[in-house]
Every structure is written in C-alpha cells, then in structure tokens.
Amino acid sequence: PTSPASIALAILRRVCDGLHAAHVARGDDGVPLGIIHRDVKTANVLLSSEGAVKVGDFGIARAATGARTTSVGQTRGTVEVMAPEQRTGGEIDVRADVYGVAAIGYELLSGAPVNLDLAILLQYGVPGWPHLPPLSRARPELPAELDAIILGALAFDPADRPASCAALEELLAAVVAAHGLLATDKDLAA
C-alpha cells in the first residue's frame, strides 16, 4: 500500500502545480494576470474520485499588481493559515500562497491542524517562527529534509521562503525521488 506520506506529498505537489499555473496565467492579450489565491487552506483543496487534485475557491484572489489586503482587522482569508505579510495588510506576492501550501503540508504530514494566526504567535516572537515542532519529531518516519522544506516555506519573511510554488514543488519532488515516495492519481483515488 502507498504510504500516507506519499499521498500527502502527491497532493501537495499537485496543489503547487495548480497554484503555479494560476500565478503564471496570461490573459487573451498575453499580459500576465498575476493571480494570487490568498486563501490556500485544506478546505480549498479538492480530490476527485479519479485522484485529480484541484484548488478551489479563488473568490478572494487578486492580481499581484498592487495586491494588498484590506486594513488590519479586515483582512480577508483564513487567519490560521495566512502569511504574516497578508495578515498585517502588507504587500503580498505568490510567496503568500507558498506559505498556505506549507501550512497544508504541515497539517497533512503531521496529522495535526495548525493555527498560525499572527495575533497569537507574535507573542512568541519572530525567532523560531512558526513555533511548530519539526515534522520529524511529530512523525519520525518522515524524511528529515521535510522539516527544512515545510518550515522554510512557513518562514516569517517572504524572502526566506521558496520564490514560487514551482520552486516548492521542485523541493518536494526531490524528497519524493530520494525516498521512493511516489503516489499516482490511481493511488490518490484509492
């Protein structure tokens, strides 16, 4: 049987692919649309009975050009998995979605929900962000390199995260290849 880690990584890689496609989409005129989802969470990841993974609910997506959330306290999205810069109403780019994918990854791989609400975690400070135990401590059977990948994609500073969902997918693909953790659509369907 396919391991839970294989299934989780397959889902994460497909979420990365879907978000990257949205991030690089172009309009009919060839101009980049600059779409940022802004509400990447487990509830917005859909799995079909055929094993296809879809990212849904682009209802609050915005174009990257001049993308800002509303003022603090009125930020749209799910605060438990929202990137710090989005939570504070700062400038956001595709790395806010990278953060959301990493939050999903932590939940799928650890088996535990996360609450990364800046209003709660800031009391612990930026050093050690996101104040979650390494995945390998929660699940010793997981490849140790997932700690750096997932926690790195949850970095407080967007500059410390992978630059895109495609870059995050490449990091995850390397772990899949190194540890034989491949799962197909058929595996996901099962």
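Residue under question is Val114, and the condition is that it be open to solvent by less than 20 Å² (accessible area, probe 1.4 Å), among the aliphatic types (A, V, I, L, M) and modelled with pLDDT under 95; does it hold? Steps first, please.
On the way: open to solvent by less than 20 Å² (accessible area, probe 1.4 Å): yes; among the aliphatic types (A, V, I, L, M): yes; modelled with pLDDT under 95: yes.
It is true that Val114 is open to solvent by less than 20 Å² (accessible area, probe 1.4 Å), among the aliphatic types (A, V, I, L, M) and modelled with pLDDT under 95.
Looking at the structure I just gave you, is Ala148 under 15 Å from the mean Cα position of the chain (by Cα), modelled with pLDDT of 95 or more and either over 20 Å from Val98 (Cα atoms) or surrounded by fewer than 19 Cβ atoms within 10 Å (Cβ to Cβ) (or both)?
Values: under 15 Å from the mean Cα position of the chain (by Cα): yes; modelled with pLDDT of 95 or more: yes; either over 20 Å from Val98 (Cα atoms) or surrounded by fewer than 19 Cβ atoms within 10 Å (Cβ to Cβ) (or both): yes.
Answer is yes for this residue.
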Failed criterion for Asp157 (all others in (1) modelled with pLDDT of 90 or more; (2) surrounded by 13 or more Cβ atoms within 10 Å (Cβ to Cβ) hold): (2)
Residue in the stretch 54-61 that is modelled with pLDDT of 85 or more, in contact with a Gly (Cβ under 9 Å, 6 or more places away or on another chain) and either closer than 25 Å to Leu122 by Cβ or charged (D, E, K, R) (or both) present: yes
Residue list for the stretch 2-59, filter: in a loop (DSSP other than H, G, I, E, B), β-branched (Val, Ile, Thr) and either in contact (Cβ under 8 Å) with a residue 12 or more places away in the chain or open to solvent by less than 70 Å² (accessible area, probe 1.4 Å) (or both): Thr2, Val40
Output for the stretch 161-184, where each listed residue is in contact with a Lys or Arg (Cβ under 9 Å, 6 or more places away or on another chain) and open to solvent by 70 Å² or more (accessible area, probe 1.4 Å): Ala163
Selection from the stretch 95-150 of residues that are closer than 16 Å to Ser6 by Cβ, small (Gly, Ala, Ser) and touching a Pro at 6+ places or on another chain (Cβ under 9 Å): Ser110, Gly111
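The values are calculated or read from the model by the stated rules, or taken from the named source; none is laboratory data. Model, not experiment: these values are computed from the prediction. Backbone-built Cβ (ideal geometry, glycine too); neighbour counts: all protein chains shown. For the accessible areas, the whole protein counts, side chains as well, though only heavy atoms, and no ligand, DNA or RNA atoms are used. Shrake-Rupley method; radii C 1.70, N 1.55, O 1.52, S 1.80 Å.
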